[in-house]
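Scroll down for the structure; my scribbles are underneath it.
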Amino acid sequence: DAGVTQSPTHLIKTRGQQVTLRCSPKSGHDTVSWYQQALGQGPQFIFQYYEEEERQRGNFPDRFSGHQFPNYSSELNVNALLLGDSALYLCASSQRQSLLRVANVLTFGAGSRLTVL
Amino acid sequence: QKEVEQDPGPLSVPEGAIVSLNCTYSNSAFQYFMWYRQYSRKGPELLMYTYSSGNKEDGRFTAQVDKSSKYISLFIRDSQPSDSATYLCAMRRGSGAGSYQLTFGKGTKLSVIP
């Protein structure tokens, strides 16, 4: 089982640029969530996708957008990058049914580390 | 005040010690409580979860939730060098808006010295 895979692993951008991060969920999972983890902080929820629609959104500006594809994979797009966007971006997948029944059993990927200069 | 408070440490203990990690929270709507372990350059992995108040044990790990005090704990018995990692508490609502998003603490960095 490959688990959750994310790409790229590391990337460096400059202020004002745009970035796209990609995520393939664990086999059998249909829901994808994205989290931002700044250095020395816990992950912060950005949004969640299910059935190709954004279902919930955290306190992030519209510069952060996403997409989910029919094969359940997902992309996170960030426009007009700011220095403060430098962070580890984590993708987490889960089964929708498990979310309804039990605790939010998320499987996280290793993340994409974004540095904005 | 942040919704979830966690002492970031760092915490350094000798091998074999009992480790106590804890978080406090302010949102009484939280119903599910989790502990994640995050090794350097890795994503968080779920260690334990509990629903509402009570204790849960899994091997060397025990999770406790006291909803009346809004306080959760994770105990690690017979700590090993391989337990050296950052431990994140996380919680979520039981239902309604925001019920599928996790709110994390800052994480506590633990080092177990051989």
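Checking an interface number: how much accessible area is buried between B and A, summed over both chains, with a 1.4 Å probe, in Å² rounded to 100?
Working: alone 6340 and 6380 Å², together 10890 Å².
Answer for the B-A pair: about 1800 Å² buried.
Database remark: amide H of A:S86 closer than 5 angstrom to the amide H of A:V116 (H placed geometrically; neighbours at sequence offset of 5 or more, or on other chains; Pro and chain starts carry no H).
How would B:Y100, B:Y71 rank on accessible area, largest to smallest, probe 1.4 Å?
Values: B:Y100 35, B:Y71 90 Å².
Heavy-atom accessible area, descending, gives B:Y71, B:Y100.
Considering only B:Y71, B:A85, B:G59, the residue lying farthest towards the positive end of the dipole of the range B:55-108 is B:Y71, judged by Cα position with unit charges set on Cβ. For A:F47, the amide hydrogen comes within under 5 Å of the amide hydrogens of A:W34, A:G58, counting only partners 5 or more places away or on other chains and with H modelled in the peptide plane.
For chain B, what class follows from the C-alpha gyration tensor (a ≥ b ≥ c being the square roots of its eigenvalues): rounded when a/c is under 1.5, otherwise prolate if a/b is larger than b/c, else oblate? Prolate shape, in that a/c is at least 1.5 and a/b is the bigger ratio. Considering every Cα-Cα pair within chain A, what fraction, in whole percent, is farther apart than 23 Å? Beyond 23 Å sits 23 percent of the P(r) for chain A. When B:I76, B:I113 are compared by accessible area of protein heavy atoms, the largest-first order is B:I113, B:I76, using a 1.4 Å probe.
Computed about the Cα centre, the dipole magnitude for chain A is approximately 280 debye when only Lys and Arg (+1) and Asp and Glu (-1) carry charge, each at its Cβ.
Measuring between alpha carbons in the structure, the pairs from B:K2/B:K67; A:K26/B:K109; B:K2/B:K70 lying more than 25 angstrom apart are A:K26/B:K109.
The values are calculated or read from the model by the stated rules, or taken from the named source; none is laboratory data. In this text the structure is predicted, and so the values were computed from the model without any measurement. Positions of Cβ are backbone-derived with ideal geometry, glycine not excepted, and every protein chain shown enters the neighbour counts. When the accessible area is computed, the model is the full protein with side chains, heavy atoms only, and any ligands, DNA or RNA have been set aside. Shrake-Rupley method; radii C 1.70, N 1.55, O 1.52, S 1.80 Å.
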